[in-house]
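Following: one structure in structure tokens, then a few remarks.
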Amino acid sequence: MNSSTIANSDPLRLITIPISHYCEKVRWALDLLKLPYIEEKHVPAFHRSATRKYGGSSVPVLASKSGNFTDSTEILHYLDTISSSDFRLYPTEPKLRREVEELEELFDTRLGVDIRNWAYFYRLDNRDTMRKAWCKGTPLLERVGFEIGFPLISAKVRQTYNITAESAALSLQGIREVFEIVNQRLADDRPYLAGDNLSAADLTFAALAAPVLQPPEHPVLVAKIDELPIDMVSVIRELQATVAGNHALRLYREQR
Ligand SMILES: N[C@@H](CCC(=O)N[C@@H](CS)C(=O)NCC(=O)O)C(=O)O
């Protein structure tokens, strides 16, 4: 880490469920902007007592000396204002900036939600899988809580996000639609989704799409592709081969 790029001397505190792709979006932004931070990792359900402390409910939450931020987009906007790195997540030119923000919103509200629902449909019932996904690096008490409460926690997640075979099929359709939008935008070999530089749009797409692309450079994803259910593997292979999938995989290779 280059200390000359550190604008904020108090370390930022990032509250996460580490496997969450919205948390990965923020973690990656922090790394790109060379901002030091401490990650506080939680098991789902137990995260609520941490996020509540900062006025939030979902993860990620960023606690800073200037205030607390409870949504990934809000966090990225804030980080862009405090980093003294030359790199910026949001272009200054207003029209380009709007494009970046609209794409980020599309990925946050559709892709992120659909990918979570689709992946949970295949994974949520398996205690060993979910232990690997949810528990690494979390406090001992929460890991014990996971062992005792797993059936309740997984049932609650299933109910909250309405995880069913039908919703998973609809989500897969939604994922393919967003990938097609990205394919179109990257036609003519454009290197980035908006303008000539990497932006919050590319980063958000790559981070949120990671569970359906399984980039080897991802810092948290744990599954080996061959260990995943066959139906997941065929979707992953299909999406990896798209222009959009290639774009995200390249960003992980070159920028993560
Ligand atoms: N719009 C939010 C979405 C974050 C989100 O959906 N987080 C999920 C994890 S993937 C979560 O915290 N779920 C548990 C909860 O809402 O309590 C953001 O971009 O930060």
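The values are calculated or read from the model by the stated rules, or taken from the named source; none is laboratory data. All of these numbers come straight from a predicted model, not from anything done at the bench. Note that we place each Cβ from the backbone using ideal geometry, even for glycine, and neighbour counts take in every protein chain shown. Just the protein is used for accessible areas: all its heavy atoms, side chains included, with ligands, DNA and RNA removed. Shrake-Rupley method; radii C 1.70, N 1.55, O 1.52, S 1.80 Å.
Specify the residue that is farthest from L203 (Cα to Cα); the eligible residues are those in the stretch 18-69 that are open to solvent by 40 Å² or more (accessible area, probe 1.4 Å) and near the ligand (Cβ under 7 Å from one of its atoms).
Here the residue is R48.
Somewhere in the stretch 94-117, is a residue farther than 26 Å from G174 by Cα, at pLDDT 95 or above and touching a His at 6+ places or on another chain (Cβ under 7 Å)? It would help to see each step written out before you state the result.
So in the stretch 94-117, the residues farther than 26 Å from G174 by Cα come out as 94-95.
Next cut, at pLDDT 95 or above only: 94-95.
Now drop any that are not touching a His at 6+ places or on another chain (Cβ under 7 Å), which leaves none.
Scanning the stretch 94-117, I find no residue that is farther than 26 Å from G174 by Cα, at pLDDT 95 or above and touching a His at 6+ places or on another chain (Cβ under 7 Å), so the answer is no.
Assess whether D128 counts as being on the phi < 0 side of the Ramachandran plot and in contact with a Gly (Cβ under 7 Å, 6 or more places away or on another chain). Reasoning before the result, please.
Details: on the phi < 0 side of the Ramachandran plot: yes; in contact with a Gly (Cβ under 7 Å, 6 or more places away or on another chain): no.
So D128 fails the test.
Going by the structure shown, is L228 open to solvent by less than 20 Å² (accessible area, probe 1.4 Å) and either among the charged types (D, E, K, R) or in contact with a Gly (Cβ under 7 Å, 6 or more places away or on another chain) (or both)?
It is false that L228 is open to solvent by less than 20 Å² (accessible area, probe 1.4 Å) and either among the charged types (D, E, K, R) or in contact with a Gly (Cβ under 7 Å, 6 or more places away or on another chain) (or both).
Of everything in the stretch 38-63, what is aromatic (F, W, Y) and closer than 14 Å to G137 by Cβ? Give them in sequence order. Reasoning before the result, please.
Taking the stretch 38-63 as the starting set, the residues that turn out to be aromatic (F, W, Y) are 46, 54.
Matches in the stretch 38-63: F46 only.
Of these, R123, R116, R88, R110, which one is more than 14 Å from the ligand (Cβ to nearest atom) and open to solvent by 20 Å² or more (accessible area, probe 1.4 Å)? First the steps, then the outcome.
Working: R123 fails: more than 14 Å from the ligand (Cβ to nearest atom); R116 fails: more than 14 Å from the ligand (Cβ to nearest atom); R110 fails: more than 14 Å from the ligand (Cβ to nearest atom).
When all the criteria are applied, what remains is R88.
Just checking, which of A223, A207, A187, A194 is closer than 17 Å to I115 by Cα, of a type in the set (G, A, S), open to solvent by less than 70 Å² (accessible area, probe 1.4 Å) and more than 12 Å from the chain's Cα centre (by Cα)? Give the steps one after another, and end with the answer.
Working: A207 fails: more than 12 Å from the chain's Cα centre (by Cα); A187 fails: closer than 17 Å to I115 by Cα; A194 fails: closer than 17 Å to I115 by Cα.
Of A223, A207, A187, A194, the one residue that is closer than 17 Å to I115 by Cα, of a type in the set (G, A, S), open to solvent by less than 70 Å² (accessible area, probe 1.4 Å) and more than 12 Å from the chain's Cα centre (by Cα) is A223.
Yes or no: T73 surrounded by fewer than 21 Cβ atoms within 10 Å (Cβ to Cβ), at pLDDT 95 or above and away from the ligand (no atom under 13 Å from the Cβ)?
Details: surrounded by fewer than 21 Cβ atoms within 10 Å (Cβ to Cβ): yes; at pLDDT 95 or above: yes; away from the ligand (no atom under 13 Å from the Cβ): no.
No, not satisfied.
In the stretch 231-253, what residues are open to solvent by 60 Å² or more (accessible area, probe 1.4 Å) and either in contact with an Asp or Glu (Cβ under 9 Å, 6 or more places away or on another chain) or more than 20 Å from K25 (Cβ to Cβ) (or both)?
Narrowing the stretch 231-253 to residues open to solvent by 60 Å² or more (accessible area, probe 1.4 Å): 231, 234, 237-238, 241, 243, 246, 253.
Those that are open to solvent by 60 Å² or more (accessible area, probe 1.4 Å) and either in contact with an Asp or Glu (Cβ under 9 Å, 6 or more places away or on another chain) or more than 20 Å from K25 (Cβ to Cβ) (or both): D231, S234, R237, E238, A241, V243, R253.
Do we have T164 as over 19 Å from the mean Cα position of the chain (by Cα), among the hydroxyl-bearing types (S, T, Y), surrounded by fewer than 20 Cβ atoms within 10 Å (Cβ to Cβ) and farther than 27 Å from M130 by Cα here? Before the answer, list the steps.
Values: over 19 Å from the mean Cα position of the chain (by Cα): yes; among the hydroxyl-bearing types (S, T, Y): yes; surrounded by fewer than 20 Cβ atoms within 10 Å (Cβ to Cβ): yes; farther than 27 Å from M130 by Cα: no.
No: the conditions fail for T164.
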